[in-house]
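The values are calculated or read from the model by the stated rules, or taken from the named source; none is laboratory data. Everything numeric here is computed off the predicted structure, so don't read it as measured data. Neighbour counts run over all protein chains shown; Cβ positions are idealised from the backbone, glycine included. The accessibility values were calculated without ligands, DNA or RNA, using every heavy atom of the protein model including side chains. Shrake-Rupley method; radii C 1.70, N 1.55, O 1.52, S 1.80 Å.
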Amino acid sequence: MKLQQLRYIWEVAHHDLNVSATAQSLYTSQPGISKQIRLLEEELGVEVFARSGKHLTRVTPAGEAILQTAGEILRKVESIKQVAQEFSNDSKGSLSIATTHTQARYALPSVIGSFIEKYPDVSLHMHQGTPMQISELAADGTVDFAIATEALELFSDLVMMPCYRWNRSIVVPKDHPLAQVTELTLEDVAKYPIVTYVFGFTGRSQLDEAFLSKGLAPKVVFTAADADVIKTYVRLGLGIGIVANLAYDAELDSDLVALDASHLFSPSITKIGFRRGTFLRGFMYDFIEQFAPHLTKEVVEEAYSRHTKSDLDELFSHIEIPTL
């Protein structure tokens, strides 16, 4: 059994069983990958992939178990490389982050700008997706860090740490009736069509829970994963927007009014997570602290040593989490 064979089956499984696309991504030949997979299957005595003619059709049950272990081995190999790089050159390497549009567009630019200035030899890679996709990318080791508000808690093998609390704003055109209301109520908001985040994005669950607790049924007419898209449709008159407060830019959105809604909804907490077993290099600790200054190297190491959610909650109950 060769490490290369394990990498081939892992990559094929993550390229939708497309051997040609896998070969292209690995800069090798399709026949070479097919041959190595066959040799591995012959050695193991089981098929990793079911076939129809020359085409792979699905991962077999045995293959599922083998791929899980192969993934763990490949992640360990990557950790060994990270350890070696840290000692050979502690300011050179790569950092991959998976996050949502709101974080990438509004929360991360200044952090990434200062990080690149400090570590010009570290290549940064950003993946955007749904909170579930983001969590999966961190859980399977595809990315180093996941930054999101939803879904991270669904993955027990992620170390999750709170970065900041935030709430929401109601965005409306300047001539909208709500712009004249002194203190908004949920009843006021529920009178109008609403444009907001897709369920499972950016604290949407707290929004729904707030209306439900008041026995209100808001008319959500349009949802999107992108706060800029939400504001675009508010401008078109489709409805009033409910967005993260950090997604309103007083200069760029000067044609809209942002109404504070922090008294209407429970605050949400954006978290950063990484997979247990990840070797954190010095610049990775630094990135975390730049994004969330209370997450010092000592705090992150202590969080890593906590193995249950209750233990983590106890740790952070003694640490002040900033509010944006």
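Rounded to the nearest whole Å², what accessible area per residue is found for segment 1-78 with the 1.4 Å probe? Please report the intermediate quantities before stating the final value.
On the way: 4700 Å² over 78 residues.
That works out to 60 Å² for each residue.
At 0.36 nm per residue, minus the direct Cα-Cα distance, what do Lys81 and Thr296 gain on full extension? Give it in nm, one decimal, please.
Stretched out fully, the Lys81 to Thr296 stretch lengthens by 75.0 nm.
Sort Phe316, Phe87 from largest to smallest accessible area, using a 1.4 Å probe on the heavy atoms of the protein chains.
The ordering from most to least exposed comes out as Phe87, Phe316.
Give the aspartates and glutamates reachable from Lys191 as a straight Cα distance under 18 Å; neighbours fewer than 8 places away on the same chain don't count.
Those aspartates and glutamates meeting the cut-off are Asp175, Glu183, Asp208, Glu209, Asp260.
So if I average 1/r over every pair of distinct C-alpha atoms in segment 277-324 and take the inverse, what Kirkwood radius in Å does that give?
11.5
Convert 20 °C to kelvin, take the viscosity as 1.002 mPa s, use the Kirkwood radius over C-alpha pairs of segment 87-206 as Rh, and evaluate the Stokes-Einstein diffusion coefficient in µm²/s, rounded to a whole number.
126
Taking the Cα centroid of segment 1-71 and of segment 166-194, what is the distance between the two, rounded to the nearest whole Å?
With segment 1-71 and segment 166-194 each reduced to a Cα centre, they are spaced 54 Å.
Given contacts defined as C-alpha pairs under 8 Å and at least six residues apart, what's the relative contact order of segment 68-186, whole-number percent? Could the numbers behind the result be given before it?
Numbers: 107 pairs, mean separation 28.0, N = 119.
Computed over segment 68-186, the figure is 24 percent.
Once both labels are modelled 7 Å past Cα along the beta-carbon direction, what's the Gln180-Asn89 spacing in nm?
6.5
Using only the alpha carbons, work out the radius of gyration and Dmax of segment 117-165 in angstrom.
Reported Rg and Dmax, both Å: 12.0, 35.
Would you please give the FRET efficiency between Ile116 and Ser266, computed as 1/(1 + (r/R0)^6) with r the Cβ-Cβ distance and R0 = 35 Å, to the nearest 0.05?
So the FRET efficiency works out to roughly 0.50.
Given a 1.4 angstrom probe, I'd like the percentage of the accessible area of the chain that is carbon and sulfur, rounded to a whole number.
So the carbon and sulfur contribution to the accessible surface is 53 percent.
From largest to smallest, what semi-axes in whole angstrom does segment 7-53 give when each is the square root of 5 times an eigenvalue of its alpha carbon gyration tensor?
Value: 17, 11, 9 Å, ordered largest first.
What do you get for Rg/Rh over the chain if you use C-alpha atoms and the Kirkwood form of Rh?
Details: Rg = 23.2 Å, Rh = 22.3 Å.
With Rg and the Kirkwood Rh in hand, the quotient comes to 1.04.
Which one of Ser213, Ser135, Ser34 has the biggest mean-square fluctuation once the chain is modelled by GNM with Cα springs under 10 Å?
With Cα springs under 10 Å in the chain, the top fluctuation among Ser213, Ser135, Ser34 is at Ser213.
What does the charge count near Tyr119 come to, summing +1 for each Lys or Arg and -1 for each Asp or Glu among other residues with Cβ under 9 Å from its Cβ?
That works out to -1.
How many percent of the alpha carbon pairs in segment 147-221 exceed a separation of 13 Å?
Result: 74 percent of Cα pairs exceed 13 Å.
Counting pairs of alpha carbon atoms under 8 Å apart in space and at least six apart in sequence, what relative contact order in percent does the chain give?
20
Filter the chymotrypsin sites (Phe, Trp or Tyr not before Pro) in segment 139-225 down to the DSSP loop ones having no more than 15 other Cβ atoms within 10 Å, then list what survives.
Of the chymotrypsin sites (Phe, Trp or Tyr not before Pro), the ones in loops of segment 139-225 whose Cβ has at most 15 other Cβ atoms within 10 Å are Phe199.
Taking 0.36 nm per residue of separation and subtracting the Cα-Cα distance, what length does fully extending Asp249 through Leu236 add?
Additional length available on full extension: 2.9 nm.
Running Debye on segment 1-98 with equal point scatterers at the Cα sites and no solvent, what base-10 log of I(q)/I(0) appears at q = 0.15, 0.18, 0.19 Å⁻¹?
Calculated log10 I(q)/I(0) at the listed q: -0.65, -0.86, -0.93.
Please go through segment 16-76 and write out the trypsin sites (Lys or Arg not before Pro) that DSSP classes as loop and that have at most 11 other C-beta atoms within 10 Å.
Of the trypsin sites (Lys or Arg not before Pro), the ones in loops of segment 16-76 whose Cβ has at most 11 other Cβ atoms within 10 Å are Lys54.
Within segment 199-303, which GluC sites (Glu not before Pro) sit in a loop by DSSP and count at most 16 neighbouring Cβ atoms inside 10 Å?
Sparse-neighbourhood loop GluC sites (Glu not before Pro): Glu251.
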